[in-house]
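Shown next, in structure tokens, is the structure this report addresses.
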Amino acid sequence: MFDYFFAQYSTYPLHEVYLELIAVFFGLCSVWYAKKDNILVFPTGLISTSIYAYLLWQWSLLGDSMINVYYFIMSIYGWYHWTRKKDNVEEFPISIMTLKEKKMAVIIFIATLVFVILVYLYFNKFTSWYSYLDTLLTGIFFVGMWLMAKRKIENWIFWIVGDILSIPLYLAKGYTFTSFQYIVFTIIAIYGYLEWRKILNKKNLPL
């Protein structure tokens, strides 16, 4: 069993194994802080996403690599967005999506799919089911991160779906630590949604 999950690491460059473990650690920290609605979600996320952007490109998961570049940029935006206050009150608290934001989410999803498909075609990387699933995940995670930065509770739904789909992808690719990370991500994301929903219920906002 151990060999099935970890034997492939014996052939990987040692620095990539260390980088993956560091990225996993800070990734888990970031999702935990997101669950707690803690602004530390962004600095920890910046460390994890910058490492994964490099590793995923090396692993030929171009869509996920671009996701992490996008995460990095959106983490900076989200960090600023979450700190904005007016009269010492949070200007952008946890909330639900408006109709306009739902329409924008659809546009972001479709535009992302089109862009990633073009990238894969350009590099001639549509060689296995990994590529197709990676393309779908890119669209899901792009929307999820956008909603996270805007502090919308629906972000958790996108994270949950994307995390579940990522588990078999990374396991099949041989990146066991990252696959296990997404199992934990899924659990935390479910609790994150429930915790944010309690906050909204206290404000008497409909879900």
Residues within region 100-139 that are modelled with pLDDT of 90 or more, exposed (fewer than 14 other Cβ atoms within 10 Å of the Cβ) and of a type in the set (S, T, N, Q), tallied | 0
Within region 116-132, identify whether any single residue is within 30 Å of Ile94 (Cβ to Cβ) and among the aliphatic types (A, V, I, L, M), and answer yes or no.
-> yes
Out of (1) over 26 Å from Ala172 (Cα atoms); (2) surrounded by 15 or more Cβ atoms within 10 Å (Cβ to Cβ), the odd one out for Pro93 is which?
-> (2)
When you go through Phe126, Phe141 one by one, which is the residue that is of a type outside the set (Val, Ile, Thr) and either touching a His at 6+ places or on another chain (Cβ under 7 Å) or not in a loop (DSSP other than H, G, I, E, B) (or both)?
-> Phe141
Out of region 181-202, which residues are surrounded by fewer than 20 Cβ atoms within 10 Å (Cβ to Cβ), in contact (Cβ under 8 Å) with a residue 40 or more places away in the chain and over 12 Å from Gly27 (Cα atoms)?
-> Tyr191, Tyr193, Glu195, Arg197, Ile199, Leu200
Six or more apart or on different chains, Cβ under 6 Å: which pairs go from a residue in region 152-179 that's under 18 Å from Val17 (Cα atoms) to one that's surrounded by fewer than 18 Cβ atoms within 10 Å (Cβ to Cβ) and among the aromatic types (Phe, Trp, Tyr)? Could you list them?
-> Thr176/Phe5; Thr176/Phe6
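The values are calculated or read from the model by the stated rules, or taken from the named source; none is laboratory data. Being a predicted model, the structure only gives us computed values, none of them experimental. Backbone-built Cβ (ideal geometry, glycine too); neighbour counts: all protein chains shown.
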